[in-house]
Each structure stands twice: as structure tokens, then as C-alpha cells.
Amino acid sequence: MNLPEVKKNEIYTMEITGMTHEGQGVGRINDFTVFVDEAVKGEVVKVKIIKVNKSYSIGKLMEIVEVSSDRCEPFCTSYKFCGGCNLQHIDYSAQLKFKTDTVKENLKRIGKLEDIVVHDTIGMETPLYYRNKAQYPVGMTGEKLAIGFYSRRSHEIIDSATCNIQDKVSNHIRSLVREFIEENKITVYDENSGNGLVRHVVTRTGFKTGEVMVVIVINGKELPHKQKLIEVLTNKKLGSSDDSGIKEGPEYRIQSVILNINTQNTNIIFGNKNIKIYGKDTIIDYIGKFKFNISPLSFYQVNPLQTEVLYGKALEFASLSGKEIVFDIYCGIGTISLFLSEKALKVYGVEVVEEAITDARKNAEINNINNVEFIVGEAEKVIPQLYEQGIKADVVVVDPPRKGCDEVLLQTLVNMQPKRIVYVSCNPSTLARDLNYLASNGFKVIEVQPVDMFPWTSHVETVTVLYREV
Ligand code: SAH
């Protein structure tokens, strides 16, 4: 039996021999596994054991005895506490390599897929201010109002001054909302008691249009003094994305202020009901030449620059001639569908969120695209129904959430036998599981391209193409 040979509160010197997919360093002490936050593969470190479980323990980094050449100084003063980033202590090129290795390792271990072509991860030229969406929890930290990010392993709110991966305007809006809450003595939510009003401030920005949406999530039906909030948000100039000095962009304007009602005791940010209190119901942004309407509850990729790279790859992998019927499964607001539509005979988009499908239909219309049809429902129900009706795809694109594709859907694709499947994934482990299923049922994995959508975090996005074996 593997009895833990490490003791809590003892200090040990150990070598970091690997990294977990969450970016922790990992190594062994007396043949027992130890995970260490912020330790880098190849380093020798001193750790204090803070937790011992049956099969692993957690060490706190005390001193770096031998420093990895991949290590760099985190640029954020809140990095140690904030739950947002977890790779800021590793330089950017090493992060990209880490992501490529993570994909390869998953394909091998979970997918049982050897010798697959996994290209180097495509990174960003300047990996800063890249997020178009910020979700700030609101609460009290002690006696102080806190609007920020959850800390690494708890729901304590870290009220960091700025966040350099968020677009600058979101930091600005956060301070305006703070001003409003303080001046008008608005209560803020307490998770434990379920009391207090304001729960989250969510901002969304169209990088190409400058349109900004602010969503205030409240635990109640009304926001007192809401007219004052609108004044605070709309009276001042918000600057432009040029202010960051790294990207061009128009002046920002608040185009939409929404109250979202969430009175449930839950970790899910949004409730189902939105009340518009200023401007429009949606904002507009462009990806490439296509224009998109975005609603508060619809999924929209958070890194618009890299989204263009990702979709470009998906389109290249789909290798369309203009004669194909294409399914875009898990289509969100129809972004990939529109990208594919120009080169396809017809595209069917399938998505479970009704609001997203409303956006998708509108998006086809405002881009004058007539060969797309959007269907609301669960992919694992809708696709088998289409197949039963004799509607089959020549090429399928899937872009599921983190849990991957439902097996019923994969089974239907196997029966349908499209020529190609393009699999866009935000989770290499469920990707590997699903590729294993498809590879065991008549499809060959041709190549995998990771794209870095989330610099300074361990998240990895990939696009993979499979061909039907004839
Ligand atoms: N392709 C889109 C969205 C990808 S995110 C884009 O690039 O923007 C995954 C989407 O799958 C989300 O919009 C989510 O609402 C949707 N979804 C989740 N479970 C689903 C299911 N069972 N059936 C259909 N869509 C689902």
C-alpha cells in the first residue's frame, strides 16, 4: 500500500518533474505525489506540505532552489490570490508549448491516439487586454465593498485595481458602478445569508464597434436609483481601445444597460429574466467581415482577435467546395455558421439557448445570408431527428461546451457518415474522449491545431479535423 510518507507542516526539497493541466507543478517526495502551485517543471523547490490526502498531497512553494528558464515575473499584483490567471509565472512562449503538450498528452492518455499531427499552438502577438467580457462578483470583504474576481480556491472577492487581460473599458465601468453603489448606498449580495441586492457586474464590448453592454445582476426585482446609474455610465467619456496602446479601435459607448434578475441561491451568474433599462437589447460586433448581434445570455467567444484565427482554421479544415450540406452543432449565435455559409450549399445551426438562436437568425438576416437555418434544441435530440427525416450533412462542425459531445450525438454522426468532422473544443480531455469514439467508429483524425484564446491561463482551445475512412 502507498502510505503517505510526507508529513503535514514539514518542509521538503523536491524536483518538479511535470505540470498538471491546471498549470500546477508536480513531483514526488518519498515516492508520494505532491502538487505545488506556481512551481515550474525542471525546478528544484522547497515546499511546506499543507495538505495530505490518501493518494496525493499539496505543497506550498517556500523557496526556489533551482530556477527554470521558463519562469518570469507575473505582471499582476493580485496574481498570487486571484483565481483568474494561473500561468503568469511562465513566459508566453513556454505557455504555448505547455498548451501543445497538454493536447498531445490528452490525445495519448485518454484518446489512445498516437502519432497524431498536433501543430504548435498559435499564440497572440500581444497577449494583453484581450477579453471582451468581464464578470465581476460584487460583495463585501470585511467592511469594504469588493468588486473584482474570486480568489483561487474560495469565493472571497479579490478587489484588484486593474486586470490587464480585460479590455480597459471594463475596469473603468467597474469603478463607475462602484461609485454608484457607494453614493446611493445600494446593498450588495451576501452568498451565505442570501441577502443584499447587487450580485455581479458583467461587461461586454464590441472590439470593432466600441459598443458596450453593462449587465447588473440583482437579487431582487428593482434597482433603486437606476436613473443615476445610467447617468454615471453615460455621462463620462469612456476612452477607446487605443488607450491601451496596443490595439486600434473606436471610441467606446454604452449602448445597452440591462438588469438581470437572479434571486436563486446558486453559483450560476445569470438568472433567466433581463430588463433593459437603457439603450438596446443587444450590442453589435464584427468577426472578420461578419456582423453579430449579441444578447446578454448568448455565448460569444471572449477573445475576438483569436476567434478569427480559430474560425479561419475551422473553415480551412472544413474544405468546402460550395456543394456541401453542413451542420454547425452547438452554434451559439451562429458565428461559425455564417463563416461557413459562403462556401456551403446550406448550413444548419443547432443550439440549445433560445436567445442565442434568436440572435443567430437576426445575424443571418443582417449579413444578407439566406442559406442558413437555425434550430433550437439539444443537439443530441435535434440531430437524430434531422437524420430520421433524411437530412444529412456532408461536413459537420461541432463546438461543444467543456463536457464535450453527448454519445447519442456521436453515434448519430457515425451512422450519418459525413465526409469530414471539424471538432472545435475548449477542453482537451473531453476532446480526446470523443476523438477516441470517432476514431474507433470509422473516422481518422488528420490534424489538430491548438489556438491560444486564453493567454496566462491554462485553458486550451483546439480545432481538429477527422476524415471518414472509406
Ligand atoms: N460555436 C459557438 C458557440 C460555442 S459554445 C461559438 O463559437 O461562438 C457552446 C454552445 O453550445 C453554447 O452556445 C451552449 O449554449 C451550447 N450548448 C450546450 N449544450 C448544448 C446541447 N446539448 N445542445 C445544443 N447546444 C448546446
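Having 3 or more residues that are under 31 Å from the mean Cα position of the chain (by Cα) is the bar; report the strands (runs of 3 or more DSSP E) wholly within region 1-70 that clear it.
25-29, 32-36, 57-66
Would you be able to say whether some residue in region 110-117 is out of contact with any Gly (no Cβ under 6 Å at 6 or more places or on another chain), more than 18 Å from residue 20 (Cα to Cα) and outside the structural domain of residue 426 (by TED's automatic domain parsing)?
Within region 110-117, not a single residue is out of contact with any Gly (no Cβ under 6 Å at 6 or more places or on another chain), more than 18 Å from residue 20 (Cα to Cα) and outside the structural domain of residue 426 (by TED's automatic domain parsing).
On the basis of being in a loop (DSSP other than H, G, I, E, B), touching a residue at least 12 places away in the same chain (Cβ under 8 Å) and near the ligand (Cβ under 8 Å from one of its atoms), does residue 332 make the cut?
yes
I'd like the residue in region 180-201 that is part of a loop (DSSP other than H, G, I, E, B) and over 28 Å from the mean Cα position of the chain (by Cα) and, out of all such residues, is surrounded by the most Cβ atoms within 10 Å (Cβ to Cβ).
186
Just to be sure I understand, how many residues within region 83-112 are in contact (Cβ under 8 Å) with a residue 40 or more places away in the chain and assigned to a loop (DSSP other than H, G, I, E, B)?
Counting residues in region 83-112 that are in contact (Cβ under 8 Å) with a residue 40 or more places away in the chain and assigned to a loop (DSSP other than H, G, I, E, B) gives 10.
The values are calculated or read from the model by the stated rules, or taken from the named source; none is laboratory data. Computed from a prediction, not measured in an experiment: that's the story for all the values here. Note that we place each Cβ from the backbone using ideal geometry, even for glycine, and neighbour counts take in every protein chain shown.
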